[in-house]
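The values are calculated or read from the model by the stated rules, or taken from the named source; none is laboratory data. Computed from a predicted structure; not experimentally measured. Because the Cβ atoms are built from the backbone with ideal geometry, glycine has one as well, and the counts that use them run over all protein chains shown. In case anyone asks, the SASA skips ligands and DNA or RNA and just uses the protein heavy atoms, side chains included. Shrake-Rupley method; radii C 1.70, N 1.55, O 1.52, S 1.80 Å.
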Amino acid sequence: MSRSALLSLLGKHPKPVDHVFSYGTAGFREKAAILDSVFVRMGVLAWMRAVEKGAAIGLMVTASHNQVADNGIKLVDPDGGMLDPTWEGHAAALANAPTPEAALSAIENIAKTVNINIGLDESVSVVQIKDTAKVFVARDTRPHSSKLSKLVLAAVSCLGGTVHDFGVLTTPQLHFCVQHQNSNNPEDQKLANEEGYYSKLVASYQQLVGEHFKRYDPNEPSKLIIDAGFGVGGEKFKRLVNKLNETHVYVDVSVRNSATAEEMLNESVASKLNNGVGAEHVQKQQELPKDTVDTMNDRMVRFASFDGDADRIVYFYINEQGEMVLLDGDKIASLLAGFIKQHFDLLPTDLKTKFTIGAVQTAYANGASMNYLKRDMNLEVPLAKTGVKYLHHIAVKFDVGIYFEANGHGTVLFKPSLVSTLENAATSEGLTDMESLAIKRILALSKLINQATGDAMADALAVEAILHIEKMSISDWSKIYTDLPSRQLKVKVKDRTAIKTIQDESKTTAPADLQPKIDEIVSDYENGRAFVRPSGTEDVVRIYAEATTQELADELALKICQAAYDMAGGVGDRP
């Protein structure tokens, strides 16, 4: 590899003039037509990170829940989580270098900053790069994802790096592969591929459900219907279900709104991606996915919607009155928390008091779910800043850390030390049948749920297993608590940076008079709660309010909106 070869590659894919690329929660996301330069440069960055860590790094080509014109990059660190925040600045600087020469200079500066040598300086001997350094690349089924992934492969190859193209995967599958490849356990490393992902989920699901995989009530609909949103998860979930059924653990699932990569090359099919379907639409709009549900014949049937790259899931059903009932990330977290807490309470005394369980939420979590987790489950419920990476950071502090955003992105993290302790306890003498069963189920759940990131497919199997074991219908599940009616609004402001909040975003600190005014307004509403936070991407303030009725929640939201307009530099017409 030579500087001239890299400079030539960078020159073939120049950065669009006057466009600023922003690194968001998980990476870059823009119109696919302007992303060539970013993919070349992030291929270089991924290899540099791999060299620094001496480990596998992941690069996922996807725009998640966005529609088909968009694409993007999600970078995966060695632990299977999101890219370390200290590297986000490197990524943004490299993506926005205005010329190929400036990009090459940015690459050299990053290498110097993190103290690595990737062979650009031919006067300096290259330090031996570890064999374990490699870049794992995968893509979703958008029609332009294949072309963009090839730019990543070319960039890593130009540097003489080791790159593995996994082809089409869901985002959580790539996270899984990266995490398992970097494990110190050779048996885990063998699972670092798509087939390994399926085999682990199938085995752990079998262990969890035991003899409970048959529905307890023949009169209740047994089928789970997946709305795949025309994303990558539909065909992958079909494969997973087929492998489960091959083992005689029959799961009655049908998948709607699904398309293969080849079918997505058809413009009319591709245009359906996340367009009135999928988890983002169902959860945000609280509407049924378009052309998916027969409101007469599908009543009381369990539905679950995936987002475009299958790292989010929400459930819903049509009740006997023909109304849609949403079970969002808060409800999923509460179901999982209840099952985990119930089984921890069955452990021997010396174990049940040894470990901590926490359920991490954001200020957007419905107040009823917070009360359920705190009062009914007696769990710690810390709040985190909006964004799944912030919830993950807090969840890892617990022995069992449950975290979900309302949008359905979340998972349950089990500390390795807890898993090891329970594995040792499982073989000890003197356990009662219930203690033994509790240990078995907790261990099975820890293997079923993705330990790196939110995973719609793994989360779906976990929910299905728990409903089977606990003999719960979806209506039973929906009634574990009743959501308080809520309303979300936004108001345009002159400068969003003038609005400051505490770390978890539940209260404002500036302007100084705004929070006292919010508190004054909220005090007039029974079970009232409201907060405002600045948008991370546009000059607006986002408002969330909840109260005992929808009418009161709407009224409260409007009053908070007006207060934010008056006191935080609102522009345009007053709400």
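A few remarks follow.
- Built amide H within the under 5 Å cut-off of residue 255, gap 5+: 226
- Checked against a 20 Å cut-off, the cross-linked pairs 284/490; 385/447; 74/147 give Cα-Cα distances beyond that limit for 385/447.
- The loop-placed trypsin sites (Lys or Arg not before Pro) in the range 349-433, going by DSSP, that have at most 15 neighbouring Cβ atoms within 10 Å of their Cβ come out as 354, 397.
- Each residue of the range 94-104 was assigned a 3J(HN,Hα) from its phi angle through the Karplus expression (A = 6.51, B = -1.76, C = 1.60, θ = phi - 60°), giving 5, 4, 9, 4, x, 10, x, 5, 5, 5, 4 Hz with x at Gly and Pro.
- Solvent-accessible surface of protein heavy atoms, probed at 1.4 angstrom with all chains present, puts 132, 353 in the order 353, 132, largest first.
- With a simple spin-label model that places each label point 7 Å from the Cα along the Cα-to-Cβ direction, the separation between residue 510 and residue 539 comes to 1.7 nm.
- With Cα atoms defining each centre, the range 40-60 and the range 517-550 are spaced 41 Å apart in the structure.
- Each Lys and Arg contributes +1 and each Asp and Glu -1, all at the Cβ; summed about the Cα centre of the chain, the dipole is approximately 980 debye.
- In this structure, the amide hydrogen of residue 571, modeled 1.01 Å from its nitrogen in the peptide plane, lies closer than 5 angstrom to those of 492, 493, 494, counting only residues at least 5 positions away or on a different chain.
- Using only alpha carbons, the range 26-173 has a radius of gyration to Kirkwood radius ratio (Rg to Rh) of 0.95.
- Computed over protein heavy atoms with a 1.4 angstrom probe, the accessible surface ordering of 526, 263, largest first, is 526, 263.
- Around the Cα centre of the range 482-543, unit charges on the Cβ atoms of Lys, Arg, Asp and Glu (plus for the first two, minus for the last two) sum to a dipole of about 280 debye.
- Mean ellipticity per residue at 222 nm, deg cm²/dmol - from DSSP H runs of n ≥ 4 across the chain, formula -39500 (n - 2.57): -12000 deg cm²/dmol
- Among 436, 422, 506 the positive-end extreme of the charge dipole of the range 422-531 (Cβ point charges): 506
- 3J(HN,Hα) along the range 165-181: 8, 7, x, 7, 9, 6, 4, x, 5, 5, 4, 4, 4, 5, 4, 6, 4 Hz, from the Karplus curve 6.51 cos²θ - 1.76 cosθ + 1.60 with θ = phi - 60°, whole Hz, x for Gly and Pro.
- Rounded to whole Å, sorted largest first: equivalent-ellipsoid semi-axes of the range 195-341, Cα gyration tensor: 24, 21, 15
- Built amide H within the under 5 Å cut-off of residue 134, gap 5+: 55, 56, 57
- Here the Karplus relation 6.51 cos²θ - 1.76 cosθ + 1.60, evaluated at θ = phi - 60°, turns the backbone of the range 322-332 into coupling constants of x, 9, 7, 10, 8, 10, 8, x, 4, 5, 5 Hz, with x for every Gly and Pro.
- Altogether, the Stokes-Einstein calculation at 20 °C and 1.002 mPa s, with the Kirkwood radius of the range 22-92 over Cα pairs as Rh, returns a diffusion coefficient of 175 µm²/s.
- Gyration tensor verdict on the range 478-575 (Cα atoms; rounded if a/c is under 1.5, prolate if a/b is larger than b/c, oblate otherwise): prolate
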